[in-house]
Amino acid sequence: MLTVRGISRSFGDHKVLDEVSFDVRPGRMTGFLGANGSGKTTTMRIVLGVLAAHGGAVSWKGAEVRPDNRPDFGYMPEERGLYPKMKVRDQITWLARLHGVDRETAQRNTEELLEDLELTGRAGDRLEELSLGNQQRVQIAAALVHDPDVLILDEPFSGLDPIAVETVLDVLRKRAANGVPVLFSSHQLAIVERLCDDVVIISKGRIVANGSREDLRTRHAGERYEIVVEQDAGWVRDVPGVTILDLDGPRAVFESAPQQVLRAALDRGEVRSFTPVVPTLDEIFKEVI
């Protein structure tokens, strides 16, 4: 397990991280969310050793992360850092060799990633000849080619069309299924909600929400309910203590007094459905930020 405990960091008098703590568990996809400037990239860079923390520690498998075990990490920065005039296949293989992978394994890993990321047909092209979306796929391949034990990905879905997103999701799911802990940041909350097992939300350098996706949704559900009846549900607004959030014919979404509403509905006739409303990740994000 990758563990971040009490990480702090300042730039001059500005404290950008304040006691940041969370875990990235093996075989699970952890979405790292926050507004621009919230501290996501700084945290990732500290995990990788690109920046030094001013307090706290990062550990992997119970031991502090050191220069000798950081090569076990795969990192994709938000800013593309590959060589524009180098051919795609040559570049990925060369980066694997820099990680100490033998030539035969580097070439095999490269071909597998090119196929999985649907880049085989562009393998002989220079990077600068590719679209931004395909360049992003090459960047992802570069982070994966040495078979890392941990994946840290900063905005991996940036610039990808919906089909390319699905391709990348399949690749990342395969890594997680093999026990690799995956930490990734993204502004695309719909993708995070569909993909991640765990969610960490950071705001102004502090963790404001942390847990499994389902636990967070349950924790922030509050007292919102949806009822669908046979006739018009306008009568719900007259139940004492109820606040109507949405009313559309036989359907009403409301807060508070669920038992009173249900009893009143049953007195009037058939109830087609009555369920608590579980918030989306987007709603939770807006609430805690």
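Derivation of every value follows stated rules applied to the coordinates shown; laboratory data play no part. Small disclaimer: the values here were computed from a predicted structure and weren't measured. Cβ atoms come from the backbone with ideal geometry, glycine included; neighbour counts cover every protein chain shown.
Given Cα pairs under 8 Å that are at least 6 residues apart, what percent is the relative contact order of the chain? Walk me through the intermediate numbers first.
Details: 540 pairs, mean separation 60.7, N = 289.
The normalised contact order for the chain reaches 21 percent.
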Compute for the chain: radius of gyration divided by Kirkwood radius, i.e. Rg/Rh, restricted to C-alpha atoms, rounded to two decimals.
1.10
For every other residue with a beta carbon closer than 10 angstrom to the beta carbon of E79, add +1 if it is Lys or Arg and -1 if Asp or Glu, then tell me the sum.
-2
Return the lysines within reach of K204: Cα separation strictly under 26 angstrom, same-chain partners fewer than 8 residues apart disregarded; answer none if there are no such residues.
K15, K40, K286
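Counting Lys and Arg as +1 and Asp and Glu as -1, what is the net charge of the other residues whose Cβ lies under 15 Å from the Cβ of N178?
Charge balance near N178 sits at -2.
Charges at C-beta only: +1 for Lys and Arg, -1 for Asp and Glu. How large is the resulting dipole of region 222-288 about its Cα centre, in Debye rounded to 20? Let's see the in-between values first.
On the way: 7 positive and 13 negative charges, 30 e Å.
It works out to roughly 140 debye.
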Local electrostatic count at V101 - Lys and Arg +1, Asp and Glu -1, tallied over other residues with Cβ under 12 Å:
0
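If you take the beta carbon distance between D147 and D282 as r and set R0 to 41 Å, what does 1/(1 + (r/R0)^6) give as a FRET efficiency, to the nearest 0.05?
Numbers: r = 34 Å, r/R0 = 0.83.
With a Förster radius of 41 Å, E is 0.75.
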0 to 90° range, to nearest 10: angle between helix 88-98 axis and the chain longest Cα axis:
80
Which distance in nm do the two modelled labels at A63 and R272 give, with both placed 7 Å along the Cα-to-Cβ direction?
6.1
Which of the peptides 262-271, 201-210, 45-54 is most tightly packed, and how do the rest follow, going by the mean number of other Cβ atoms within 10 Å of each residue?
201-210, 45-54, 262-271
Quick one: helix 132-144 against the long Cα principal axis of the chain, what's the angle to the nearest 10°, folded into 0 to 90?
70
For K85, go through the aspartates and glutamates and keep the ones whose alpha-carbon is under 14 Å away, minus same-chain ones fewer than eight residues off.
D125, E128, E129
Among the aspartates and glutamates, which have Cα under 19 Å from the Cα of K61 when same-chain residues fewer than 8 positions away are ignored?
D23, D72, D147, D149, D198
What does the highest-first list of 222-231, 160-169 look like by mean Cβ count within 10 Å?
222-231, 160-169
May I ask you to derive the FRET efficiency for R5 and D125 from their Cβ-Cβ distance with R0 = 41 Å, giving the value to the nearest 0.05?
0.40
Dipole axis of the chain (+1 Lys, Arg; -1 Asp, Glu on Cβ), positive-most option in L216, V20, L114:
V20
Per the helix-only calculation at 222 nm, which mean residue ellipticity applies to the chain, given -39500 (n - 2.57) for every DSSP H run of n ≥ 4 and division by its residues, nearest 500 deg cm²/dmol?
-10000 deg cm²/dmol
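Note down the magnitude of the dipole of region 157-261 about its Cα centre, charges +1 on Lys and Arg C-beta and -1 on Asp and Glu C-beta and zero elsewhere, to the nearest 20 debye. Walk me through the numbers before you get to the answer.
Details: 12 positive and 16 negative charges, 131 e Å.
Magnitude of the dipole: close to 640 debye.
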The FRET efficiency for W235 and R194, from their Cβ-Cβ distance with R0 = 41 Å and rounded to 0.05, is 0.65
